[in-house]
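The values are calculated or read from the model by the stated rules, or taken from the named source; none is laboratory data. Just so it is clear, the structure is predicted and the values come from calculations on it, not from any experiment. Here the Cβ is made from the backbone with ideal geometry for all residues, glycine too, and neighbour counts use every protein chain on show. Note: areas computed on protein heavy atoms with side chains; ligands, DNA, RNA excluded. Shrake-Rupley method; radii C 1.70, N 1.55, O 1.52, S 1.80 Å.
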Amino acid sequence: MNRRTLLQSGAGLLSAGGPLAAAQQAARRGMPSPKIKAVRVLMTQPAGSQLVVVKVETSEPGLYGIGCATHQERPHAVAAAIEQHIGPYILGRNCDDIEDIWQSVYVASYFRSGVTLNNALSGIDGALWDILGKRLNAPVYQLLGGKARAAATLYAHASGKEIEEVEERVREWMAKGYRHVRVQVATPGYTGYGASAATSAGVQGMRPSGVIPSPVYEPTPYVNRTLKMFEHLRNKLGFDVELLHDVHERVPPSQALQLGRLLEPYRLFFMEDPFAPEDVGWFQVMRQQTSTPIAMGELFVNRNEWLNLVSNRWIDFIRCHISAIGGLNMARKVANLCEFFNVRTAWHGPGNVSAVGHAVNLHLDLATTNFGIQEQNFFEDPVREVFPGAPEIRDGYMYANDKPGFGIDINERAAAKFPYKTPGNNRGIERRLDGSVQRP
Ligand code: MG
């Protein structure tokens, strides 16, 4: 783990204390806001993803908060933004001024709404909400208006090289109590999102000479295979289990329109990311052509990418990656706006969201009337060691532990045992048969 610290002039490092006693927390009520004393970037890789977590320490000894700033493809860019720019800018500010700090950091760079600065802002923002919860001795969902549900319904992932394998995985999840499962099957000979064939050797001979070597993706075989999978699954499993699917912005727009219509008989819970963020103009056409429910938006970073989609009711689920849009302070507003158009939330939640980010997702899920579904991520033992208090998962639901703030901590000693293995992932290595770059 790389540990980097920004300190207000003359201040010493604060100790990373454990949970504070309730009496101490109660004594804080009504006290003046503590100041931001230090901003620290904690980088660790306890499982697959390069995680970036921000720790904001305060002028009150032992009081700190943590937030998720994870962008696993470009973690060092986020860290630099926090250490070089945002951290020094907010030192000494009142921790309670969450909205004001968010707005001032948002415009401080003049140019804004980029994924790096949004993630950096999310790390700071999350830590401030965590601090506020601890100060008030309340879980963050309580600060957002309180629980609208007991737990967040999860969807699991099922994939396989063969369609029968996918069926088997779905049955396993159903046996564990899950009612929502995302299904992805490999396309023989090709790579694909969510499930890849063992090799693309069979199609390499179809490529032109001089092509850059790569795994091969082609949209038509993927579409054909996906339709066969849904036909099989509905024949075998019936219609009581909810099935989801992620297109992952991989097909041309006209083919996405065809897929949406052809999937109608299989009644999906949602079809995700049928278009790329660059192609949001196609959603109006899709809405007018198909009744297949549409989820969109893990790559959104700018409000103008999704605002028309929501206000025109062209999508059914908003699926932002919360740290990529600037954190909880923005996401709570997105959720509230969507409520008035009955667009439901389905925040992005795979392994490239830190456990702290999952806790943010969960607290917002619990307090959002128009919550739709939460993507599941299992926290492996090393992740739970680094992040004590990570959300609990039982029988298809995710539960908050009801402790103050987000109820999650970072064990810095444990995090140090899992340094980055690489600087960050690169995507975009897959190409079409002719050698052109395929969106990841
Ligand atoms: Mg997705």
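Of note:
- Per-atom-type breakdown for the chain gives carbon and sulfur 50% of the accessible area (1.4 Å probe, protein chains only).
- Ligands, DNA and RNA excluded, the heavy atoms of residue 303 present near 100 Å² of accessible surface to a 1.4 Å solvent probe.
- Distance between the pseudo-spin-label points of residue 80 and residue 147 (7 Å out from Cα toward the beta carbon): 4.5 nm.
- Set of the stretch 98-140 residues, backbone N closer than 16 Å to the point 7 Å along the Cα-Cβ line of residue 420: 116-117, 119-120
- Within-14-Å neighbourhood charge of residue 265 [Cβ basis; K, R +1; D, E -1]: +2
- Counted as membrane-span-like here are DSSP H helices of the chain whose alpha-carbon atoms extend 27 Å or more along the helix's own axis and whose Kyte-Doolittle mean is -0.5 or above; these are 115-136.
- Taking all protein chains as they are arranged and a probe of 1.4 Å, the heavy atoms of residue 232 leave approximately 40 Å² accessible to solvent.
- Here the label points at residue 432 and residue 267, each 7 Å from Cα along the C-beta direction, are separated by 3.7 nm in the simple model.
- Distance between the 7 Å Cα→Cβ label points at residue 35 and residue 112: 2.6 nm.
- Gain upon complete extension [residue 304, residue 291; 0.36 nm per residue less C-alpha separation]: 2.2 nm
- Extension gain (nm, one decimal) between residue 201 and residue 168, 0.36 nm per residue minus Cα-Cα: 9.2 nm
- Residues whose placed amide H lies under 5 Å from that of residue 70, excluding near-sequence neighbours: 52, 354
- Straight-distance crosslink candidates among aspartates and glutamates, where the alpha carbon sits under 20 Å from residue 417 and sequence neighbours closer than 8 are dropped: 380, 381, 385, 409
- For the stretch 373-378, 3J(HN,Hα) computed residue by residue from phi via the Karplus equation (6.51, -1.76, 1.60; θ = phi - 60°) reads 6, 10, 5, 8, 9, 7 Hz, glycine and proline entered as x.
- For the stretch 359-440, the square roots of the Cα gyration tensor eigenvalues, ordered a ≥ b ≥ c, give a/c of at least 1.5 with a/b no greater than b/c, which places it in the oblate category.
- Förster-model FRET efficiency, 35 Å R0, residue 340 and residue 104, C-beta, rounded to 0.05: 0.80
- Solvent exposure of residue 273, expressed as accessible area, is near 10 Å², computed with a probe of 1.4 Å over the protein chains only.
- For the stretch 100-161 and the stretch 312-366, distance of Cα centres in Å: 9 Å
- Among 277, 325, 341 - extreme Cα towards positive end, dipole of the stretch 143-403, charges at beta-carbon: 341
- Computed with a 1.4 Å probe over protein heavy atoms only, the accessible surface of the chain comes to 40 Å² per residue.
- Close amide H pairs (under 5 Å, H built 1.01 Å from N) link residue 345 with 318, 371, 372, 373, residues at least 5 positions away or on another chain.
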